[in-house]
There are 2 protein chains.
Amino acid sequence: MPYLLLKDLPRYECLLEAAKEFPDLDPSAAEAFLHLLHTGDEVFGVTDQNLGEHDISQGRFGVLMLLWRGAQPRETRLLCAEECLPGPRTPAELAEAAGVTRATMTGLVDTLERDGFVKRQPDPEDRRQMSVRLTARGEKFLQAFLPGHFKAIAALMSPLSEAERKTLVRLLGKIQERAAVLHHRAKGAALAPTG
Amino acid sequence: MPYLLLKDLPRYECLLEAAKEFPDLDPSAAEAFLHLLHTGDEVFGVTDQNLGEHDISQGRFGVLMLLWRGAQPRETRLLCAEECLPGPRTPAELAEAAGVTRATMTGLVDTLERDGFVKRQPDPEDRRQMSVRLTARGEKFLQAFLPGHFKAIAALMSPLSEAERKTLVRLLGKIQERAAVLHHRAKGAALAPTG
DNA sequence: GGCAGACAGTTAGCCTCCTAACGACAATTG
DNA sequence: CAATTGTCGTTAGGAGGCTAACTGTCTGCC
């Protein structure tokens with residue numbers, strides 16, 4: 001579990017009290033913020049436990065899913081961004097798709113290859129590049145693992161009705177959009193603080 | 001940013017397609033699940049950026065907040081679990097409150113002490129224990145940092161109305177509850193698989 | 001009083017992430 | 001064609017998580 005998060009979230013009344021001293025503190029915003037991080041962490045923890053029982057980490061699972069995408073016939077691909085292009089193949093593409101650095105991807109592919117889930121092959125056309133492919137063992141692992149994973153996700157979301165799930169996704173979407181703007185602006189500001 | 005998460009979430013139609021092959025895959029559950037993790041990560045990233053600009057990590061910030069709690073007069077404490085007891089003082093208490101192991105807390109306090117935000121003192125009454133206290137510098141940092149932090153949180157949640165925030169917290173609460181049960185059950189099952 | 005067990009904090013070793021820098025290669029451009 | 005510039009994968013070193021094991025201290029029981 002990656003975040004350091006408080007086990008007990010502060011009560012709303014405490015936030016109200018604190019807002020008296022800090023006018024910038026918006027109690028309902030802080031409450032939603034803390035619940036969002038906390039719930040994300042809990043949910044993450046449940047799936048992590050699942051993965052851990054199969055001796056695989058979140059990062060490695062992500063890479064396997066990305067590779068699997070291209071290995072499957074078009075109709076059954078889980079991850080089909082854009083026009084269902086063949087999945088990423090090189091470490092750089094995988095890193096971009098997974099949202100980690102190339103250096104991190106090197107480490108992930110290292111351990112996946114060590115465990116036999118994945119194989120590196122030099123690219124004959126561009127000798128800088130490598131081609132990463134799922135092995136039969138890697139594919140077998142996914143076929144065996146995914147049903148349980150999907151069951152766990154379904155169980156996590158079972159307290160929510162279909163309508164509530166749609167609502168949740170809609171509300172989260174608003175925050176996502178806003179977060180992307182803030183993230184982007186902060187980056188831009190770092191490069192051009194006067195603009 | 002701690003999770004390895006896909007930059008582009010799979011589209012809902014793709015989940016529907018995949019559900020044909022995997023009957024355990026509940027498309028709306030998976031959609032909500034992915035959005036939850038993704039949004040949590042984005043939000044985390046924004047605050048992390050904020051913290052990073054002040055050369056402090058999420059983990060260290062959490063420890064400072066826990067220590068600050070006790071250093072403040074009762075009325076203005078942000079984190080007042082139970083009856084607003086004095087905040088945690090020993091590494092073990094801090095670890096418990098933050099949800100990390102004692103070993104991890106040793107490392108966090110190490111770096112915080114190195115940077116002058118915190119001070120370790122031996123407890124004269126129980127020579128096994130240490131007492132961790134915020135220094136003047138640590139307190140000053142929080143006073144300077146918190147307003148911006150609160151502003152960022154308010155900005156993140158600004159697209160949501162008060163009613164939507166309440167709804168979000170309610171829905172997240174349901175998932176949290178469920179996740180806690182699943183987490184607990186999985187742990188118990190590991191200890192007593194037949195019971 | 002003395003000893004077994006429990007508890008506090010630390011240490012050691014591992015994993016996953018990061019940034020920065022490198023060597024090898026490709027692409028561009030004079 | 002040669003030099004610059006950019007890209008690819010890797011390496012090195014740092015931070016923050018974890019578990020397991022250790023040391024020192026307290027507690028409880030005989």
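What the table below lists for this structure:
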{"quantity": "Mean projected area (nm²) of the alpha-carbon convex hull when segment B:7-60 is viewed from all directions", "calculated": "4.6 nm²"}
{"quantity": "Shielding by partners, peptide B:146-154 (average Cβ within 10 angstrom, other chains)", "calculated": "6"}
{"quantity": "Derived scalar couplings ³J(HN,Hα) [segment A:20-25; Karplus, 6.51 cos²θ - 1.76 cosθ + 1.60; whole Hz; x for Gly, Pro]", "calculated": "5, 7, 10, x, 7, 7"}
{"quantity": "Amide hydrogen neighbours beyond the local backbone of residue A:129, cut-off 5 Å, H modeled", "calculated": "A:123"}
{"quantity": "Length-normalised contact order for segment B:114-153 - Cα pairs under 8 Å, 6+ apart - percent", "calculated": "35 percent"}
{"quantity": "Average partner coverage of A:16-23, which counts Cβ from other chains inside 10 Å", "calculated": "5"}
{"quantity": "Residue-wise HN-Hα coupling along segment A:33-40, computed from phi with Karplus coefficients 6.51, -1.76, 1.60 (Hz; x: Gly, Pro)", "calculated": "4, 5, 5, 4, 5, 5, 5, x"}
{"quantity": "Within 10 Å of each Cβ in B:89-102, the average number of Cβ atoms from other chains", "calculated": "2"}
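Every read-out reported here was derived from the displayed coordinates using simple, explicitly stated rules and does not represent laboratory data. Keep in mind that what you see is a predicted model, and the values were worked out from it rather than measured. Glycine also receives a Cβ, built like all others from the backbone with ideal geometry; neighbour counts cover every protein chain displayed.
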